[in-house]
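These notes concern the structure reproduced below.
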Amino acid sequence: MHQISPSRTKAVSRWRLVVSSVAATVVAALGTSAAFASPAAADAPTALPPVTVLTHGNVGKGDFFVSPYGDQTTYANGPEILDQNGNVLWSKSVPTGQEASDFRTQTYEGQPVLTWWQGTGFGGLSTGTDYIYNDHYQQIATVQAGNGLSADGHEFLITPQNTALILAYTTATANLTSIGGPANQTVIDGVVQEIDIKTGKVLWQWNSADHVPYSQSEQPLPASPSTPWDWFHINSVKLDTDGNLLIDARDTWTSYKVDRHSGQIIWQLGGKASANNFNIQAAPGQVLNQAGLITAWQHDFESQGNGIYTFFDNESAGVANTGVGSTAQFGISRAVTVKLDQRTHTATLISSFNQPEGLTATSQGNSQRTAAGNTVVGWGALPYFSEFAPNGQLLYNAQFPTGINSYRAYLLPWNPPSGSSGDHGSGPHYNPSGPNYDPSHGSNHGGRH
């Protein structure tokens, strides 16, 4: 179903193409067919939220890829592609009660594709499916977690080997008497799986409980042993330049480099652990948080090559990652760049771009380095996404309506073929390509508070 909005204001999208999510294959995969038969589902909004552009500078080539979600009383949830003026080029509403996350372009079998996660319970014990669409906006594959688990929405990464790196959460019972807890505490462990996309076979699996002590967690124990303790909260898995994995854990304040074959931790950055860790320091003009660390409650640990790594630094969380009772370690969320010196075991904060409104995001978020060396930031729980120049200048800032946010935001090239069939709009005329970051574009300039 197409819906075209006539709105022509500068700051709000002028037209909208919305794709209905009633395909039988999706319903069967996610078990939501009953929802479509209900009156509430029939009356649910199908249009995704508009975006107001607050600052518009020299962004460079690309469209913004976001997956806004809220309570679905006013707007639908789902993935959407926005041009730089906030106009919707393509969007897809997901069924009532579901949400989408991590929407972006990737390459699968040498071809540009759109990928996202779709499901329920995101941020906790979620249940969902990862989707792959071609450049005709047609579904060509789905990815499910294996070994009795369900795919989580924090990460869906297609590797050069055409496998998928995905995350999952699972519960277990742990004896925590050694750290002052109960002998029968329910815990939530973080899992990484590498999946053969064609066959669905689990090729490799890593569980946080096998490699990281519970004592490393910064998340307080719940009052009851039957309440699941989200002690690790895995939220990203990436490939480092040598093919090993980078795993981020929000609730240990730590990012880990993991051997892709053995699963052993090669080194870790931040948190409580001293073994295989780095000495933390800040370059001139940069500031560590109150704990003397670079990040706290962070997301999206990613290599940019030549020892350069980037993060989204939340600096705030709350009880059980709810945002309730949150405390700030720094007072503002930011996107940070770190230089690691393996010889001296030193990690140096070399760049930081602060949230333009001076706010903290108690959950979610990402930091993307573009081919031009700019930094795109999705502000997670906050209704904003931005782009910064290497010198810290705010080039772009956009806002969703109150109550709406997107887990991540990306600026990516996308060029669907003209005249292609399917439910879609038409994108700008340039070819898809991945980011090619030159670390020399980095800076030591912080954004404004």
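Quick one: which strands (runs of 3 or more DSSP E) lie wholly within segment 101-199 and hold at least 1 residues that are touching a strand residue (DSSP E or B) at 6+ places or on another chain (Cβ under 8 Å) and either of a type in the set (S, T, N, Q) or at pLDDT below 95 (or both)?
In segment 101-199, 111-120, 127-133, 139-143, 163-174, 185-196 are the strands (runs of 3 or more DSSP E) which contain 1 or more residues that are touching a strand residue (DSSP E or B) at 6+ places or on another chain (Cβ under 8 Å) and either of a type in the set (S, T, N, Q) or at pLDDT below 95 (or both).
What are the residues in segment 362-419 that are among the aliphatic types (A, V, I, L, M) and either at pLDDT 95 or above or outside any loop (DSSP other than H, G, I, E, B) (or both), if any?
VAL376, VAL377, ALA381, LEU382, ALA389, LEU394, LEU395, ALA398, ILE404, ALA409, LEU411, LEU412
Does any residue in segment 54-65 that is among the basic types (Lys, Arg) come within less than 7 Å, Cβ to Cβ, of a residue that is crowded, with 18+ Cβ neighbours inside 10 Å six or more places away or on a different chain, and which pairs are these?
Short answer, once both residue conditions are applied: LYS61/PRO413.
All but one of (1) outside any loop (DSSP other than H, G, I, E, B); (2) at pLDDT below 95; (3) not hydrophobic (A, V, I, L, M, F, W, C) hold for GLY422; state the number of the condition that does not hold.
(1)
Return yes when GLN298 is in contact (Cβ under 8 Å) with a residue 60 or more places away in the chain, closer than 28 Å to VAL376 by Cβ and polar (S, T, N, Q) and no when it is not.
In short, no.
Among the residues of segment 136-167, what is the count of those that are farther than 17 Å from GLY200 by Cβ and in contact with a His (Cβ under 9 Å, 6 or more places away or on another chain)?
So the count comes out to 3.
State the number of residues belonging to segment 292-316 that are surrounded by fewer than 17 Cβ atoms within 10 Å (Cβ to Cβ) and not in a strand (DSSP E or B).
Here the count works out to 3.
Taking only segment 81-107 into account, find how many residues are surrounded by fewer than 19 Cβ atoms within 10 Å (Cβ to Cβ) and within 20 Å of ILE197 (Cβ to Cβ).
The number of residues fulfilling the criteria is 2.
Mind telling me which of the residues ASP152, ASP210 ends up being under 28 Å from THR241 (Cβ atoms) and touching a Leu at 6+ places or on another chain (Cβ under 6 Å)?
So the residue among ASP152, ASP210 that is under 28 Å from THR241 (Cβ atoms) and touching a Leu at 6+ places or on another chain (Cβ under 6 Å) is ASP152.
For segment 359-384, which residues satisfy the criterion of being closer than 11 Å to SER316 by Cβ and either out of contact with any strand residue (DSSP E or B) (no Cβ under 9 Å at 6 or more places or on another chain) or among the hydrophobic types (A, V, I, L, M, F, W, C) (or both)?
Once the filter is applied, which keeps residues that are closer than 11 Å to SER316 by Cβ and either out of contact with any strand residue (DSSP E or B) (no Cβ under 9 Å at 6 or more places or on another chain) or among the hydrophobic types (A, V, I, L, M, F, W, C) (or both), segment 359-384 yields LEU359, ALA361, ALA381, LEU382.
Mind listing whichever residues of segment 83-117 are in contact with a Phe, Trp or Tyr (Cβ under 6 Å, 6 or more places away or on another chain) and not aliphatic (A, V, I, L, M)?
GLU99, SER101, ASP102, PHE103, ARG104, THR105, THR115, TRP116, TRP117
If a residue counts only when it is surrounded by 24 or more Cβ atoms within 10 Å (Cβ to Cβ), of a type in the set (Phe, Trp, Tyr) and touching a residue at least 24 places away in the same chain (Cβ under 8 Å), which strands (runs of 3 or more DSSP E) contained entirely in segment 203-268 have at least 1 such residues?
Once the strands (runs of 3 or more DSSP E) in segment 203-268 are filtered for at least 1 residues that are surrounded by 24 or more Cβ atoms within 10 Å (Cβ to Cβ), of a type in the set (Phe, Trp, Tyr) and touching a residue at least 24 places away in the same chain (Cβ under 8 Å), what remains is 254-258.
The values are calculated or read from the model by the stated rules, or taken from the named source; none is laboratory data. Note that the structure is a prediction, hence the values are computed from the model and not measured. Please note: Cβ atoms are built from the backbone with ideal geometry, for glycine as well, and neighbour counts cover all protein chains shown.
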